[in-house]
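Worksheet for the structure shown next.
The values are calculated or read from the model by the stated rules, or taken from the named source; none is laboratory data. Quick caveat: nothing in here was measured; it's all calculated off a predicted structure. A quick note on method: Cβ atoms are made from the backbone with ideal geometry, for glycine too, and the neighbour counts reach across all protein chains shown.
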Amino acid sequence: MSACGRQEISREQAKPWPLGGRPSSSSKRCCRRSRVATRPSTRILYHHRPCQPAPRHELQPLALFDGELVWTAASADELENLRPQFFISIHSDINNSALKGMFDFSVIDDINRVNFRVDDPWTHPNYDPREHFDNSMILESIALLDDRLRWDGETPLHTVASGSSEAVPYGLACHAIADFYAHSNFAAMVLAYIDDPKKAPTVDEAVQDPKFLGFITERWVNSSMWTQHEGYASPDPPTVGGGFDRCLFTGGYGEDGWLPRPDVPHHNVFAVDAPFSALVDAPTIQRRQNPFAYPGDWATHFRLRTALATRHVRNAVKRAQSGDHGPFLGAGVAIPTVLLPPTWIQNGTSVADAHSLPDRGTDGSLVTSMA
């Protein structure tokens, strides 16, 4: 069991896992009581922190959880800084299940640490959309994670520092695979295609299924995700640009110099990345931009996306370990044209081509930022 950052909690110690941390540069801390609700119907827990000196630059855990309850002394402002992606505990659950038996527990633990590093909201610069499948950069994100899964002391495109442990490239790649399912419309596509979540294919399976591709070509439209739900106000679909009628896409997000892509819905009103959401609990008279922000739909999507991510992480890592040079989809397999989103262009130039690839150091920190 581990704390994110450089602190550690031994397996023999108490159950709670720190979810994240923030550096403290103050020599004093004030007494305060904060609260966090894991969902509206659960108990509110209080954690009292007595006045005591704290060493300078000490990493203070943001929150603790024991698999059911959450403790935090963070302010609401600090919690709002968290990027709404599959939260750290969800990424860890996916990796723990997917990689069991493939790596030693200590390696999986280190992979989970890297999952926190790439989402750390208090370290800057630390964001590149290609590490999260954001801004509909589908092909660019696949190329980056494939490069990292080809780790052999270094990667072909040099996106991880040589001399790193394998946990760094594998942690970054596993994180990106899970984010594909949390951030994209793929789950909505396969549910419309097959209607039974238990039979839903992962994207590497779906792109090789002629019946799935025929369904997308002949029957699927992305606008069908926004439907009227009985007892709720009509949905409020966000504006989507041209060329996004049937393709895969993910929401726009910006940080550390990146701006959200303007021709797709914002990430915050499209992703399904946590078991519960305030969007679902909004008043029924409030028009919803997120097409899945209804109790039954949200629960179905979250379970499906987590299950698909777990299967895909395991399959991609197996392919990587067998020497496959395209482990996300499999060697020789490509995203069909009907599923490709339009290239993100600004001022006549591809946004991806205008920025160097992210390079992570031996501790998983971002070494190079935007060019």
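Filtered by the rule that a residue be of a type in the set (A, V, I, L, M), more than 24 Å from Ile335 (Cβ to Cβ) and in a loop (DSSP other than H, G, I, E, B), region 97-149 gives Leu99, Met102. Hey, any hits in region 158-178 for a residue that's farther than 21 Å from Trp344 by Cβ, assigned to a loop (DSSP other than H, G, I, E, B), more than 16 Å from the chain's Cα centre (by Cα) and hydrophobic (A, V, I, L, M, F, W, C)? Checking region 158-178: at least one residue is farther than 21 Å from Trp344 by Cβ, assigned to a loop (DSSP other than H, G, I, E, B), more than 16 Å from the chain's Cα centre (by Cα) and hydrophobic (A, V, I, L, M, F, W, C). Arg305 meets the stated requirement of being closer than 27 Å to Asp147 by Cα and not in a loop (DSSP other than H, G, I, E, B). When region 327-350 is limited to residues that are in contact (Cβ under 8 Å) with a residue 60 or more places away in the chain and more than 21 Å from the chain's Cα centre (by Cα), the one that is farthest from Ala173 (Cα to Cα) turns out to be Val338.
Just wondering, is there one or more residues in region 300-307 that are of a type in the set (Phe, Trp, Tyr), closer than 20 Å to Gly251 by Cα, in contact with a helix residue (DSSP H, G or I) (Cβ under 8 Å, 6 or more places away or on another chain) and crowded, with 17+ Cβ neighbours inside 10 Å? Before you say what the answer is, go through the steps one by one.
So the first thing to find is which residues in region 300-307 are of a type in the set (Phe, Trp, Tyr), and the list is 302.
Okay, now just the ones that are also closer than 20 Å to Gly251 by Cα, so 302.
Restricting the remaining residues to those that are in contact with a helix residue (DSSP H, G or I) (Cβ under 8 Å, 6 or more places away or on another chain) gives none.
Among the residues of region 300-307, not one is of a type in the set (Phe, Trp, Tyr), closer than 20 Å to Gly251 by Cα, in contact with a helix residue (DSSP H, G or I) (Cβ under 8 Å, 6 or more places away or on another chain) and crowded, with 17+ Cβ neighbours inside 10 Å, which makes the answer no.
Only a single criterion out of (1) modelled with pLDDT under 95; (2) part of a helix (DSSP H, G or I) is not satisfied by Ile94, namely (1). Taking the residues in region 196-253 that are closer than 30 Å to Ala331 by Cβ and of a type in the set (A, V, I, L, M) as candidates, determine which candidate is surrounded by the fewest Cβ atoms within 10 Å (Cβ to Cβ). Here the answer is Leu213. Applying the set (1) within 25 Å of Asp196 (Cα to Cα); (2) hydrophobic (A, V, I, L, M, F, W, C); (3) over 16 Å from the mean Cα position of the chain (by Cα) to Trp258 leaves exactly one unmet item: (1). For first residues located in region 100-113 and more than 19 Å from Ala320 (Cα to Cα), partners that are small (Gly, Ala, Ser) and lie 6+ apart or on another chain with Cβ distances below 6 Å form the pairs Asp109/Ser2. A single entry from Gly296, Gly323 fulfils the requirement of being over 23 Å from Val203 (Cβ atoms) and free of Cβ contacts under 8 Å to residues at least 12 places away in the same chain: Gly296. Take the conditions (1) within 30 Å of Gln286 (Cα to Cα); (2) at pLDDT below 95; (3) of a type outside the set (D, E, K, R); Phe133 misses just one of them, which is (2).
Considering only residues that are farther than 25 Å from Gly163 by Cα and surrounded by 15 or more Cβ atoms within 10 Å (Cβ to Cβ), which ones fall in region 344-371?
Trp344, Val351, Ala352
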